[in-house]
Amino acid sequence: MGIFTGDVNMSEDLTFITDEKGNKLSDRFNTLINNTRLFDCLVGYFYKSGFHQIYKSLEGVEKIRILIGISTNTQTYDLIKQSRLASTKEIKDSYENKVIQETETAEDSIETEEGIRKFIEWIKSGKLEIRAYPDERIHAKLYIMTFKKGSIDKGRVVTGSSNLTKSGLNENLECDVLSTLKVTHSFVILTT
């Protein structure tokens with residue numbers, strides 16, 4: 001038994017994502033994102049390692065928007081800083097060069113290379129938008145999946161402790177809650 005003990009085994013309840021064996025947020029996203037049109041994230045921390053955990057399931061998503069509330073890696077921070085000074089093309093080119101530099105120190109595998117190519121491609125095409133909240137530190141974690149038109153309902157919301165990092169999605173012991181209520185998705189969309 002994991003950290004959550006007692007009469008209820010929360011790792012078997014699909015609304016609770018406890019990051020115990022067999023109940024990782026990255027695995028749940030890989031299932032939930034299949035019917036998603038828009039994938040919006042508000043996280044304290046974002047690292048490309050988090051993107052690599054779920055990028056394959058994001059292929060069919062129309063738009064991915066990530067708002068970072070506290071911190072990111074140096075490459076993403078530099079990109080945001082430059083965005084105030086340079087043209088969009090210069091920013092994308094500069095970021096691409098930084099990703100290439102990061103690639104040289106990354107694990108040497110076809111999957112890593114493919115993920116980095118997707119990251120660059122999606123930033124260039126506008127499918128992936130990454131922004132930092134400029135005024136205050138936000139430590140909230142909120143993932144909003146808006147489903148494709150004609151789906152059974154509007155979407156799903158996940159909130160909890162997991163940042164969009166490899167550690168947050170796969171390695172740390174985190175706890176998140178999946179809301180399947182239509183009213184939750186509608187409320188979150190109206191207030192964000």
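A short reminder: the numbers here are calculations on the coordinates, not readings from a lab. Computed from a prediction, not measured in an experiment: that's the story for all the values here. Using ideal geometry, Cβ is built from the backbone for each residue, glycine included, and neighbour counts are taken over all protein chains shown.
Once the C-beta distance of E171 and E114 is scaled by a Förster radius of 22 Å, the resulting FRET efficiency is 0.55 to the nearest 0.05.
Distance between the 7 Å Cα→Cβ label points at D153 and E62: 2.1 nm.
Between A132 and I68, the built amide H atoms are under 5 Å apart, and every one of these is 5 or more places off in sequence or on another chain. Structure note, pairs K21/K124; K24/K141; K127/K154; K63/K141; K56/K141: Cα-Cα distances above 24 angstrom occur for K21/K124.
By how many nm would the segment from L38 to D135 grow when fully extended, if each residue of separation counts as 0.36 nm and the alpha-carbon distance is taken off?
Full extension of this stretch gives 32.4 nm more.
Proximity of backbone amide H atoms, modeled 1.01 Å from N, is registered between R37 and T146, F147, K148 at under 5 Å, excluding neighbours fewer than 5 places apart on the same chain. The stretch between T31 and S179, if pulled fully straight at 0.36 nm per residue, gains 51.8 nm over its current Cα-Cα span.
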